[in-house]
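*Asks:* Pasting a structure here, questions to come.
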Amino acid sequence: MDALKDLFHNARFRHSLSWIALFVILTGFLAGTVITTNKVDYIWRWEQIPRYILFKETIEVIVQEDATVTAIENEGANTLIVAIDFLDEERYYTIPTKMLSTRVGDEIQRGQTLAEGKRWKPGLLLTGLLMTLQISVISIFLGIIIGLITGLARLSNSPAPKWLAIGYIELIRGTPLLVQIYIFYFFIGQVFRLSSFMAGVLALSFFAGAYIAEIIRAGIQSIHRGQMEAARSLGMNYPQAMRHIILPQAFKRILPPLAGQFISLIKDSSLVGVIALVELTRAGREIGTSTFNYFEVFFTVAILYLILTFSLSMIVQYLERRFAASD
């Protein structure tokens, strides 16, 4: 009995036991998932998923009528060939630039192959992932700026900026994000002629800015008042004290809640699909509608979201370690 107690008091044994428990839990979870899915009358088609991420596009451009090439315009990855046929009508052919072998003045004949081959092209899921990443990065950047300005205004002794900041924060926090997206798209977007992308980005930025403002306010208020007094006694004015003394300390403390807000923003970006932006969730929905492979598609969508959020968590943890080491 004493030997068993000694064994449980051994740190290495407890550490090994913890890993075994983790393995058993994960194995049980996977086994439960397999058993549950086997009970569903569904044929899995995982082999169809890779082509929605990256696939090889077949390219074959055939000349429609006999013509003479009059212009060749380079558009980056693609090249536009302009030709005039015997009825003086212009014909346009777009081919990959690297497959270009025609020159201005060449005679091209009906049925001639202008370009033929294959090239890698992003699938709908990868395109949606890149759109989600683009929207999230821009919204986080704008949200930080809006949140910083609003957070400082919220702490101001002047009533105008303080109550404006309070009104903005309460308005955003008190209404659903989906409603805000509709307002930005149908009302503000129509007034200022915003694209659906810009309307979605602004809706997410102002939504995140309200929460970031409260995080920044809490971070600043967590710094001891003596820090500000010491900075002012050294001759710094209020903006200098904020910039050089208060905000750097507050930023270290608010980094974890900021990371949580950024992760929420990435997930909330799935709502902008309602204004015709093909981000990751909408891309998955469109694929599921056309193929009925809902299980595989949305498991893949979930994994792609997890990759984004987990990567962001790792970056924030790295920054936390760097800041901790600099203290």
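The values are calculated or read from the model by the stated rules, or taken from the named source; none is laboratory data. This structure is a prediction, so every number in the text was calculated from the model and none was measured. Reconstructed Cβ throughout: ideal geometry from the backbone, glycine too, with neighbour counts over all protein chains shown. Heads up: the accessible areas ignore ligands, DNA and RNA and are worked out on the full protein's heavy atoms, side chains in. Shrake-Rupley method; radii C 1.70, N 1.55, O 1.52, S 1.80 Å.
*Asks:* Please note which helices (runs of 4 or more DSSP H) are completely contained in region 164-271 and include at least 1 residues that are among the acidic types (Asp, Glu) and within 27 Å of LEU312 (Cα to Cα).
*Replies:* Per the criteria, 196-221, 247-268.
*Asks:* Also, I was wondering about something else. Taking only region 276-298 into account, find how many residues are at pLDDT 90 or above and loosely packed, with under 13 Cβ neighbours inside 10 Å.
*Replies:* 2
*Asks:* Please specify each residue of region 163-189 satisfying the condition of being open to solvent by 60 Å² or more (accessible area, probe 1.4 Å) and in contact with a helix residue (DSSP H, G or I) (Cβ under 6 Å, 6 or more places away or on another chain).
*Replies:* Once the filter is applied, which keeps residues that are open to solvent by 60 Å² or more (accessible area, probe 1.4 Å) and in contact with a helix residue (DSSP H, G or I) (Cβ under 6 Å, 6 or more places away or on another chain), region 163-189 yields ARG173, LEU178, TYR185.
*Asks:* Looking only at region 1-33, count how many residues are of a type in the set (A, V, I, L, M) and modelled with pLDDT under 80.
*Replies:* The total comes to 5.
*Asks:* Does ALA160 satisfy being within 24 Å of PRO248 (Cα to Cα) and assigned to a helix (DSSP H, G or I)?
*Replies:* no
*Asks:* Can you pull out the residues in region 300-315 that are buried (at least 17 other Cβ atoms within 10 Å of the Cβ) and either not in a helix (DSSP H, G or I) or not hydroxyl-bearing (Ser, Thr, Tyr) (or both)?
*Replies:* VAL301, LEU304, LEU308, LEU312
*Asks:* A further question on this structure: Find all pairs meeting these conditions: Cβ atoms under 6 angstrom apart; at least six residues apart or on different chains; first residue within region 216-232 and closer than 24 Å to ILE145 by Cα; second residue open to solvent by 70 Å² or more (accessible area, probe 1.4 Å).
*Replies:* Within 6 Å, the pairs are GLY219/ARG253; SER222/ARG253.
*Asks:* In region 220-243, which residues are among the aliphatic types (A, V, I, L, M) and either open to solvent by 60 Å² or more (accessible area, probe 1.4 Å) or under 36 Å from the mean Cα position of the chain (by Cα) (or both)?
*Replies:* Those that are among the aliphatic types (A, V, I, L, M) and either open to solvent by 60 Å² or more (accessible area, probe 1.4 Å) or under 36 Å from the mean Cα position of the chain (by Cα) (or both): ILE220, ILE223, LEU234, ALA241, MET242.
*Asks:* A further question on this structure: Do we find that ILE84 is open to solvent by 50 Å² or more (accessible area, probe 1.4 Å), out of contact with any Cys (no Cβ under 6 Å at 6 or more places or on another chain) and among the β-branched types (Val, Ile, Thr) in this structure?
*Replies:* Considered against the rule, which asks whether it is open to solvent by 50 Å² or more (accessible area, probe 1.4 Å), out of contact with any Cys (no Cβ under 6 Å at 6 or more places or on another chain) and among the β-branched types (Val, Ile, Thr), ILE84 comes out as yes.
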